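A.B. asks: I have a structure I would like to understand better, so I am pasting it below and will then ask my questions one at a time.
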Amino acid sequence: MAASLDGFVARKDGRVDWLETSDEFVGGDTLDPEFVEAFLKAIDCYVMGSRTYETALGFEAQGLGWSYGDKPTFVLTSRELPRTRDTVEFYSGDLAEFVNGRLRSTFRTIWFVGGGSVSGECLRLGLADEVCYSILPILIGDGIRFFEKLDKDIALHLAEVKAYKNGMVELRYEVRSHRVPV
Ligand SMILES: NC(=O)c1ccc[n+]([C@@H]2O[C@H](COP(=O)([O-])OP(=O)(O)OC[C@H]3O[C@@H](n4cnc5c(N)ncnc54)[C@H](OP(=O)(O)O)[C@@H]3O)[C@@H](O)[C@H]2O)c1
């Protein structure tokens, strides 16, 4: 996900208006559309929480499109939500069982879109191999954390760092271990 420097992925009420930052980092990279296309192509399916799905539906209703193409998109929810396309499937229940028992046998690259509560859950349950964390040049003071309710230390290996012209820093970590607290 993309987060503010103080670690939030949305305001408390779910707004992400602050994602549009204006900065210029001389010497930063520019996002290459071909790289983005290849990157997205390598994703086999998406998993997201219901509140992230509702944000995506809101974007779509504003004419901003659907970011997940025709890839299978699994929405975690215990509610009845509108289903606007065939690629969307709803799931309610044990996330580890769903990912390990059902998704891993079919999909190689599973992208957890978020939000904060799903990404926290994902790390807590030891389901993530990598964390992609983009820092935007802004502080918003309060909001939904990148990893909500994380209750243990998780050791990471910094695998990649990229800085962009728009001031965004993209970090890619590999998850090393789930350290047992002493
Ligand atoms: N900055 C970024 O890059 C970025 C990326 C993604 C999202 N976001 C933002 O993050 C915000 C949402 O984050 P969030 O932490 O509030 O919510 P979320 O993680 O998107 O969704 C959490 C909800 O998903 C459902 N859920 C989760 N696990 C489940 C399970 N195992 N079974 C059934 N339902 C399950 C529950 O809702 P119900 O059961 O009640 O439906 C839960 O309250 C949005 O504002 C979104 O725009 C930002």
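A.B. asks: Among the residues of segment 1-32, which ones are more than 16 Å from the ligand (Cβ to nearest atom) and either over 12 Å from Gly167 (Cβ atoms) or in contact with a Ser or Thr (Cβ under 7 Å, 6 or more places away or on another chain) (or both)?
C.D. replies: Thr30, Asp32
A.B. asks: Kindly indicate which of Gly58, Gly63 is more than 22 Å from Leu103 (Cα to Cα), out of contact with any helix residue (DSSP H, G or I) (no Cβ under 8 Å at 6 or more places or on another chain), free of Cβ contacts under 8 Å to residues at least 24 places away in the same chain and in a loop (DSSP other than H, G, I, E, B).
C.D. replies: Being more than 22 Å from Leu103 (Cα to Cα), out of contact with any helix residue (DSSP H, G or I) (no Cβ under 8 Å at 6 or more places or on another chain), free of Cβ contacts under 8 Å to residues at least 24 places away in the same chain and in a loop (DSSP other than H, G, I, E, B) holds for just one of Gly58, Gly63, which is Gly63.
A.B. asks: Tell me whether segment 119-133 contains one or more residues that are open to solvent by less than 30 Å² (accessible area, probe 1.4 Å), closer than 22 Å to Thr21 by Cα and within 11 Å of the ligand (Cβ to nearest atom).
C.D. replies: no
A.B. asks: Suppose we filter segment 4-35 for residues that are closer than 19 Å to Lys149 by Cα and part of a helix (DSSP H, G or I); how many remain?
C.D. replies: Of the residues in that region, 0 qualify.
A.B. asks: For segment 68-100, enumerate the residues that are open to solvent by 60 Å² or more (accessible area, probe 1.4 Å), closer than 19 Å to Ser119 by Cα and more than 12 Å from the ligand (Cβ to nearest atom).
C.D. replies: Those that are open to solvent by 60 Å² or more (accessible area, probe 1.4 Å), closer than 19 Å to Ser119 by Cα and more than 12 Å from the ligand (Cβ to nearest atom): Glu89, Asn100.
A.B. asks: Could you list, in sequence order, all residues of segment 46-67 that are within 11 Å of the ligand (Cβ to nearest atom), surrounded by fewer than 16 Cβ atoms within 10 Å (Cβ to Cβ) and of a type in the set (Phe, Trp, Tyr)?
C.D. replies: Phe59
A.B. asks: Oh, and also: Looking at (1) closer than 25 Å to Gly93 by Cα; (2) within 14 Å of the ligand (Cβ to nearest atom), which is the only condition Ile43 fails?
C.D. replies: Every condition holds for Ile43 apart from (2).
One line per residue, one yes/no per condition, for (1) more than 30 Å from Val99 (Cβ to Cβ); (2) in contact (Cβ under 8 Å) with a residue 24 or more places away in the chain:
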{"position": "Lys12", "(1), (2)": "no, yes"}
{"position": "Arg15", "(1), (2)": "no, no"}
{"position": "Phe25", "(1), (2)": "yes, yes"}
{"position": "Leu40", "(1), (2)": "no, yes"}
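A.B. asks: With the requirement that a residue be touching a Ser or Thr at 6+ places or on another chain (Cβ under 9 Å), of a type in the set (Gly, Ala, Ser) and farther than 17 Å from Ile144 by Cβ, what does segment 36-52 give you?
C.D. replies: Within segment 36-52, just Ala42 meets the criteria.
The values are calculated or read from the model by the stated rules, or taken from the named source; none is laboratory data. Predicted model only: the values in this text are computed from it and were never measured. Note that we place each Cβ from the backbone using ideal geometry, even for glycine, and neighbour counts take in every protein chain shown. Areas reflect the complete protein model, heavy atoms only, side chains present, ligands, DNA and RNA absent. Shrake-Rupley method; radii C 1.70, N 1.55, O 1.52, S 1.80 Å.
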